[in-house]
Amino acid sequence: MPGAIHFVLLILLLVSKLLDADNTIRLPIYKQQQHAWKSKRVYSRLGIRSTSNNTTNNKANLYNDAGSEYLVTVGIGTPAQEFLVALDTGSADLWVPSITCPKASCPYTRYNDSLSSTFMTTGEAFDIAYGTGSANGTYAMDIVEIGGARVDRQQFGLVDTTENVILMPDDSTFEVLDDNEDDPVAANGILGIGYPELTSSEHAYDPFVFSLAKRGLIPQPLFSIYMGSIYDDGWAGEIIFGGIDESKYNGQLLYAPVARLGGLGSSNSFYAYWMVYGQAIRVLDSSTNDTSPLLDVRFSDTRGVIIDTGTTLTYMAPALAEQIVLAVAGSNNNVILDATSGIFIINCDLKKTNRRVEFGIGSHLYAQSSLMRISLAARDLIIPLDSDSLDDAELCMFGIAPWVGDSTASLSTSSMILVGDSILRSLYLVFDMDRNRIGFAPAANSSVIVSKGSMIYSNSTGTDRSRNGNMDDSNASSASLSFIPCTLSCHFFVLLLLYLVL
């Protein structure tokens, strides 16, 4: 959505004054922020109320639109009808607009079941809610293809109503396209690649990528993702179904087990999200010889850390997010918190900081478990808003934000952490469906460090140099942090930014 981004940048300027290898298949992908928290079956199981073998790697290029969206081309039906859909590890359903969806809500290509000789209806309702919108329709079955990978009778959602999911073009001269016209590069559906239990169906079914694995259509039951830098516009990233590209990462892959929902050892526990066990978070200053952390938060119980390529920023409990941004910024004079959106507007000069943000990942539910730590340069979490380059930017936001709004209440109260593209783009990721684990390695040309070892220290207080560190962030008080309040114009800017860019 380049047009939308250009429009937002104009708004920002005004507001700132007021404040391929052989046998591989490559395909385009374009990323849009979608929060898929609300699988009805996951909620019901947790007791929460929801308001022929192909041995080639199937490789698809990822299209990076200013770090906000990655899309892949999917063909559905016989003959295939093509859609650009957002790649999303945080949900599990594939869905596209139906021909019955009004053009006002579904302005791009719409699936016409009467044109497919292999279409089958299921009669089951399809309903999914995201943090920013929803999609509703019915489940259907048809042939689904991504490059040379084909799954017959694949279940997917056929949507006839949407709300704030398919972003509309912002250009006032835009005219609704006829069905025979080419679409612009824009998300026109979602390819969810989470676990079967995360699907919105009343009865679990295998999402596309799990169908590929179970039917032997890929050489290994895994997929890997490389996003590239936020500044690498265009076809800079890559997803491989069934393989790993060793040229896209440095060092070795370290694996963490996928965390179950429902409790360790519980008969009701199950895999749903691509989620690992969070052990601790700290902020360090690498420019000094003093290795004690500026912020050291160790969780009394491990936190679920969801790995979600379908979300632009990284979200966590408000008190914890505030502690991190203040430890990075060094002073509340460097940060503006918009109370409505929860986005931190941060001083772009902090691009010069030598501070790092570290995440400790455990091997199981207990907080004392140790496995690996992922250390990111704080500079990589500073996102320019008024420039394509951080060096030239005068208006920036921080890549970590607090949970906000009723739509995220269930995850916020459970203290889960959602790791989005603001962090994931620095990593090479491998999702192993057979062994239920996620592999992490530094992405090529990134400054991230992935290493073995614990973030548990002999100092039992865990405060060290930290002004805000706590053994359990649930005890942290946001009242101790004084942020510059946003004016009305600042609220207007942030809301526009959320709607049009993220």
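No value in this document is a laboratory result; all are computed from the given coordinates. Fair warning: this is a prediction, and the values are worked out from it, not measured in the lab. Positions of Cβ are generated from backbone atoms using ideal geometry, with glycine treated the same way; all protein chains shown enter the neighbour counts.
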D_trans [Stokes-Einstein, Kirkwood Rh over alpha-carbon pairs] for the range 247-457, 20 °C, 1.002 mPa s, µm² s⁻¹: 122 µm²/s
Contact order relative to length of the range 247-457, as percent, for alpha carbon pairs under 8 angstrom and 6 or more apart: 29 percent
Greater than 32 Å apart at Cα, pairs in K59/K351; K103/K351; K352/K452: K59/K351; K103/K351
Residues whose placed amide H lies under 5 Å from that of R355, excluding near-sequence neighbours: S286, A378
Phi-based couplings in Hz for the range 380-393 (Karplus 6.51, -1.76, 1.60; Gly and Pro marked x): 6, 9, 9, 10, x, 10, 10, 7, 7, 10, 5, 5, 9, 6
Length released on extending from M120 to S363, taking residue separation times 0.36 nm less the Cα-Cα span: 83.2 nm
Long-range HN-HN contacts of G90 with modeled amide H, under 5 Å: I193, T309, G310
Under 5 Å, built H, 5+ apart or other chain: amide partners of T161: N136
Karplus (6.51, -1.76, 1.60) ³J(HN,Hα), θ = phi - 60°, over the range 142-156, in Hz, Gly and Pro reported as x: 6, 6, 10, 10, 10, x, x, 8, 10, 10, 7, 6, 7, 6, 7
Chymotrypsin sites (Phe, Trp or Tyr not before Pro) within the range 306-390, DSSP loop, no more than 15 other Cβ atoms inside 10 Å: Y366
